[in-house]
1. Considering only the other residues whose Cβ falls under 13 Å of the Cβ of A129, what net charge follows from Lys and Arg at +1 and Asp and Glu at -1?
2. Please identify the chymotrypsin sites (Phe, Trp or Tyr not before Pro) of the range 348-434 that satisfy two criteria: DSSP loop assignment and at most 10 other Cβ atoms within 10 Å. Which are they?
3. Output the 0 to 90 degree angle, nearest 10, between the alpha-carbon long axis of helix 448-473 and the longest principal axis computed from the alpha carbons of the chain.
4. Provide the gained length on full extension for the span L753 to L50, in nm with one decimal, where the gain is 0.36 nm per separating residue minus the Cα-Cα distance.
5. So for the pair V63, L676, with labels modelled 7 Å out along Cα→Cβ, what separation do we get in nm?
6. For n ≥ 4 DSSP H runs only, could you compute -39500 (n - 2.57) per run for the chain, divide by its residues and tell me the 222 nm figure to the nearest 500?
7. Can you list residues from other chains, or at least 5 along the same chain, whose modelled amide H is less than 5 Å from the amide H of T98?
8. Which angle between 0 and 90 degrees, to the nearest 10, do you get for helix 73-82 versus the longest principal axis of the chain when only C-alpha atoms count?
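The values are calculated or read from the model by the stated rules, or taken from the named source; none is laboratory data. Just so it is clear, the structure is predicted and the values come from calculations on it, not from any experiment. Here the Cβ positions follow ideal geometry from the backbone for every residue, glycine too, while neighbour counts run over all protein chains shown. These accessible areas exclude ligands, DNA and RNA; they are computed on the full protein's heavy atoms, side chains included. Shrake-Rupley method; radii C 1.70, N 1.55, O 1.52, S 1.80 Å.
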Amino acid sequence: MTLFVLATIAAFFLLAYFGAPLVLWTIVAAALLAYLGVVAEFGFTTSVVLAAFFVVVAALLNVPWLRRKAFTDRVLALYRRILPDMSQTEKEAIDAGTVWWDADLFSGRPDWDKLLAVRAPRLGPEEKAFVEGPVEELCALCDDWQISHELQDLPPHVWQYIKDKGFLGMIIPKKYGGLGFSALAHSAVVMKLSTRSSAAAISVMVPNSLGPAELLLHYGTEQQKDYYLPRLAKGLEIPCFALTNPEAGSDAAAIPDFGIVCKGNWQGKEVLGMRVTWDKRYITLGPVATLLGLAFRLYDPEHLLGDKEDLGITCALVPTNTAGVNIGRRHMPLNAVFQNGPNSGKDVFMPLDWIIGGRDYAGKGWMMLMGCLAAGRAISLPTSSVGGVKALTRFTGAYARVRSQFKTPIGKLEGVEEALGRIAAHCYMMDATRIMTAGAVDMGEKPAVLSAIAKYHMTERARSAVNDAMDIHGGKGICLGPNNWIGRGYQMTPIAITVEGANILTRTLIIFGQGAIRAHPYVLREMRAAKEMTGVDASREFDGALTSHIGHVLRNGVRAFVYGLTHAAFAPVPKRASPEISHYYRHVSRLSAAFAFLADVSMLAMGGALKRKEKISGRLGDVLSMMYLVSATLKHYEDQRVREDLPLVRWSVRDALYHAQQAIDQVLSNFPVKALARLLRFTIFPLGMPWRPPLDSRNRECAQIALEPGTARDRLTAGMYVPKGDDATGILEQAFVASVACEPIETKLRKALKKGKVVLAQGQDLAAEARDKGVITAEEYGQWTRKEALRRQVIRVDDFPQDFGRGEIAEQLQAKPTMVRAA
């Protein structure tokens, strides 16, 4: 009998682990039952009864129409009663976009070979030339202090350069006069600009994200495309898109802005149109826009378009010079000076032809917005965050090498080293995520869930990095002025956290909430069978999905347990994996099985209440996010295979695994069904929690990459604008190189001082005395004095007259019109 029990347990684990089909389960069960009859020496009658019972159960489970009648149809009826109705806007949000690698992570067994087979995205020759030419030139034209403090806008010549070089039409195809760039090129442009000027980056980023051009490309009529796209590409139109209302921010589908279908006079003729009333705020480029993309809810009370009265959210293109459009005033978002402001209108009449896509797309605005959101969200804010952190990595590392305290470069102090190492490792993981996500968009994906992950975690890591960088800079960072390269970025960080979906809601509602439906292999099928299908079709679809779903749960539960017992020794590793990181693939495979099992049990235990348990769903989203970030990091390393970067990979991956583990632990600690929580903990962590935070030694290695000139530092910060002039960051780069070059000279000076060959006296030039006494050469003295001059410029902070120079700025601005008239 003991052997039978052991055989049963072994069979269960093997069948579940390999995801065996139901027929194989039945055959094995029959064999075990026959073996039990022999071992237990059942009589003839008992054997017949057991066999008959087994045949009935086997038939009920294996014959689909019997299974549906006996089991799944009943479950379907119950499921329909408890599944809440989904509004049209919710349905459109769920249906928007595509699933890609997130589906693999939700499956419990990611296909690593498939991921590594995806070619690393590369810029085309034209794209590379644009990044190295016009983008580099635009960065050189931008003086961030002048822009942010003196002009509070981009200078006119910079605006003109942006228009002339086609920056506003990167996503517009060449046949309309645009650049027709890939998502990766779009990302590269925004990233480089973000390392120099946030105002320039945002002014370029927004027209190429969700807005008029993107909507026109996908949904516009041919007439609309032929007219507006060339004008947008050439900068003849400045676009903005107005969605947010004071009463509807994150809940954008609830906008109260409305339009009424009616007849009215337009250019001397009576036409069918709509009178629109709206009140919008936070609209980037709004104050200078000539073309307003407008979202509102359209009503047809007179049924001029059909039987339906509430047509739904609609998107229209409105020239801002239209009578009744109020636009031009500005917000000041944390002293950032990119153009942003409110606009409004009351009973503004506009023809139906202004609806994007024409009258056939009246009421389809939410579908259009959700369909286009993923691509823009995957690029804009994640990319600008990566650019910011690349700049922080390079400049903070340089400053930590130039600035000395306690006769030591501050970068060698362990406290500073800890923060700098975090910045560098985050930079590597963020850039890997940027490239992989942009690559997915270029493959035709519209990654709704993955773009939300990228937006949330890139902006949050940027916040962490800028806080660390500010701690390192200390007083230098808090005094604004031309010599401060970090202050404005620090001020602006919360803007990225807030826009395109506030991070709190992105984490707690979107990443897992949308992912659990879209990326899960069976949940959406079950929901559609319950709500969108009827009769035999619904029964068959639900039966197939539910049966597969049960096997999915069993497989992932057993795999999670086996991986936990064996430290993922049997987890899959891709064929072309680098040996030095192969164990990380096993860790993520283990995490994927545990996550998939935990997600399914959570949905079963909490049902619809899980949507309201945002703390738990947020932590489940954290696990999914960490797996995606690690996947991107591993792929990035495999695409480059530079062992010099291993410290960055190891720190960032270990940090992400640890945070995923902590998120699971917090889910289990707060799980509402305590007995089930204990079973889950034993299944997922049978030998305890395996992952620990990154080692201090790894952190030190990461910091050294930021502190040392060389290929590793250049590769980590590749794609950013490296200043060559004499502005603050240009001088910092020069001082960094000079400081490293002068370290042997400093060693000579210290030895000479220690041996008494030179004497340090108040006000005396120690290096000059050392030169005179032959300790250093005249050439070395020249190097040293140049380094010291640069160092003093770097550590200098700005000061101003009592009015902070406002009077001087006002005089300069008043003088400019006079100068123009004289010219």
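1. Local net charge: -3.
2. In loop regions of the range 348-434 (DSSP not H, G, I, E or B), the sparsely surrounded chymotrypsin sites (Phe, Trp or Tyr not before Pro) are F406.
3. 40 degrees
4. Full extension of this stretch gives 243.5 nm more.
5. Going from the V63 label point to the L676 one covers 3.3 nm.
6. Taking each H run of at least 4 residues, the total per residue is -19000 deg cm²/dmol.
7. Distant-sequence amide H within range of T98: K446, A448.
8. So the helix axis and the longest Cα principal axis differ by about 40 degrees.
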